[in-house]
Amino acid sequence: MKIDLSAIPLIDNHAHPFPTTRLSKGNYAQRFNFSLNPQNEEILKSTMFFNMFVKQYSEFMGMPSDTTIEQLFDESNRLVTEDRKNYIAKLFADVKLEGLVTDMGYPVSKKLLQPNEIAEYDEDMVGYIDARLNRIEWVCEDILEDGTHSFEEFTELFMKKIEEITNRPHHVGLKSIIAYKTGLDVKVLSEEEFRKGYYLYLSDPKNREYEKVVRDYCFCKTCEFCAEKDLPMQVHTGTGDGPLNNVRYANPMLLYEAVNAYPKTRMMLIHCGYPYAEELGIMMNHYENVYGDVSEMLIVSGAGGATKIRDILEMAPTKKLMYGSDGGAPVEFIWYAAKMFRKYFTDVLQSFVDEGYITYEFAMTAARDIMYENAKRFYKI
């Protein structure tokens, strides 16, 4: 039977707000740069992602196939200026996107969202499912920068502040980007070992070994908190903003010790672990508390999106996998990821059915779960 996913809505498990203030001005090609290092414009324009996006977005905008990226985003800027809410509504309606789970603590540079940008996003999300998370690393760093505290004082302040985050409007959990900082190989030490490492760090803050102990401690305390409160914890895995993100230390399998130590902490390992999709699928299969999504991977993998979805589905239970984009400014990237996911996922499920691997009924149930239902259950939406 023909797989048709057009009627199934989407919830985006991982996205970012899209304030106009964060958009690169005058050099639209840099919006396609996944590195913190500036890249040559011609190199950026030679990627699959760039050319696939231009083609899809030109068709959506009803513009000729030879339209340039400058012409596309100039028109986008005009529409946003004239009626931002209506333009966003058209993008979301085109891909049947009903809501977002957003990371409010981006970017990795810690140039955090300002009140006017948050207010703009509040308005953007009126009428949509609006679930939010924030990053624990900024809490840890703010306390350390605030002055010298005893280990007990630091712990008390950290726990108080992460609880305050979860009490903010729309916030449904917490997020860690420890992969960017000291890697996913989190060590679950005794409290005495953590205390010793904390004071060693205070004596030598530039020592990476001591810093890792402090960051691992905050990660572990957050796991305890989320388990106690039954809140989800998103964890960055896989590729990210280079050179800060060392992909060698972002393999989701490195979380082995923490996943085993905190079996009641529901961990959402985002970005499909890309390029470690199979590894994430194995962890999702082996551990009840490990979940995953396909965010960012859909964009960075270009035409390989369908292949990577197949890879994670080798072992990942379909009741624990979710759609996600990792899109943000510009908002068109949220739309584009959803657009391509529908195509990729339809093709993958159709091939499974055609090859006799699964029934049509199971394919459609899996589609509804991954596209919408799993996120509702996981975040208690």
Grab the Cα-Cα distance for ALA7 and GLU75, subtract it from 0.36 nm times how many residues apart they are, and report the gain in nm with one decimal.
21.6 nm
Compare the Cα positions of MET315, TRP335, VAL294 along the charge dipole of the range 279-356 (+1 at Cβ of Lys, Arg; -1 at Cβ of Asp, Glu; about the Cα centre) and return the one farthest towards the positive end.
TRP335
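Beta carbons within 10 angstrom, averaged per residue: use that to sort the peptides 98-107, 342-351, 71-80, highest first. Intermediate values should be presented prior to the final figure.
Working: 98-107: 22.7, 342-351: 18.4, 71-80: 15.7.
For the peptides 98-107, 342-351, 71-80, the packing ranking is 98-107, 342-351, 71-80.
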At 7 Å along Cα-to-Cβ for each site, give me the label-to-label distance between ASP146 and TYR199 in nm.
2.2
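Go ahead and run the numbers for FRET between GLU41 and MET63, Cβ-Cβ distance against an R0 of 30 Å, rounding to 0.05. It would help to have the intermediate numbers written out before the result.
Details: r = 21 Å, r/R0 = 0.69.
Given R0 = 30 Å and the Cβ-Cβ separation, E is 0.90.
Note down the magnitude of the dipole of the range 1-80 about its Cα centre, charges +1 on Lys and Arg C-beta and -1 on Asp and Glu C-beta and zero elsewhere, to the nearest 20 debye. Write out the running numbers ahead of the final one.
On the way: 7 positive and 9 negative charges, 40 e Å.
Charge dipole of the range 1-80: 200 debye, to the nearest 20.
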Quick check: residue separation of GLN56 and ASP122 times 0.36 nm, minus the Cα distance between them. What number comes out in nm?
21.0 nm
How many nm is it between the label spots at LEU157 and LYS229, if each spot is 7 Å from the Cα in line with the beta carbon?
1.9
Which one, THR182, THR67, LEU255, projects farthest toward the positive side of the charge dipole computed for the chain from Cβ point charges (K/R +1, D/E -1)?
THR67
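Please compute the per residue accessible area over the range 204-257 with all protein chains in place, 1.4 Å probe, rounded to a whole number of Å².
Numbers: 2410 Å² over 54 residues.
Heavy-atom SASA per residue in the range 204-257 reads 45 Å².
Give the shape of the range 16-82 as rounded, prolate or oblate, defined through the alpha-carbon gyration tensor: a ≥ b ≥ c are the square roots of its eigenvalues, a/c under 1.5 means rounded, and otherwise the shape is prolate if a/b is larger than b/c and oblate if not. Walk me through the numbers on the way to the answer.
Values: a/c = 1.90, a/b = 1.11, b/c = 1.71.
Verdict is oblate for the range 16-82.
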Filter the trypsin sites (Lys or Arg not before Pro) in the range 95-130 to those in DSSP coil with at most 11 other Cβ atoms within 10 Å of their Cβ, and list the result.
LYS111
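Strictly over 27 Å apart at the Cα level, which of LYS2/LYS175; LYS212/LYS320; LYS161/LYS380 would you flag in this model?
Working: LYS2/LYS175 38 Å; LYS212/LYS320 30 Å; LYS161/LYS380 22 Å.
Result: LYS2/LYS175; LYS212/LYS320 exceed 27 Å.
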Rounding to the nearest 20 debye, state how big the charge dipole of the range 264-381 is about its Cα centre with +1 on each Lys and Arg Cβ and -1 on each Asp and Glu Cβ.
500
Whole-Å distance, taken between Cα centres, linking the range 339-377 and the range 105-161:
35
Tell me the per residue accessible area of the range 1-94 using a 1.4 Å probe; a whole number in Å² is fine.
51
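What dipole magnitude, in Debye to the nearest 20, does the chain give about its Cα centre under +1 on Lys/Arg Cβ and -1 on Asp/Glu Cβ?
Details: 43 positive and 58 negative charges, 51 e Å.
Charge dipole of the chain: 240 debye, to the nearest 20.
Report, to the nearest whole %, how much of the accessible area of the chain belongs to carbon and sulfur atoms, 1.4 Å probe, protein only.
Numbers: 8540 of 16330 Å².
The computed percentage sits at 52.
Under a Cβ-Cβ cut-off of 11 Å, what is the net charge of the residues other than GLU152 that fall near it, where Lys and Arg count +1 and Asp and Glu count -1? Working shown, then result.
Details: positive: ARG195; negative: GLU153, GLU156, GLU191.
The answer is -2.
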Using mean Cβ contacts within 10 Å as the protection proxy, how do 170-178, 356-364 order, highest first?
170-178, 356-364
Residue-span extension gain [ALA89 to ARG168] - 0.36 nm each, minus C-alpha spacing:
25.9 nm
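The values are calculated or read from the model by the stated rules, or taken from the named source; none is laboratory data. Treat the numbers as computed from the prediction; the structure is a model and nothing was measured. Reconstructed Cβ throughout: ideal geometry from the backbone, glycine too, with neighbour counts over all protein chains shown. For the accessible areas, the whole protein counts, side chains as well, though only heavy atoms, and no ligand, DNA or RNA atoms are used. Shrake-Rupley method; radii C 1.70, N 1.55, O 1.52, S 1.80 Å.
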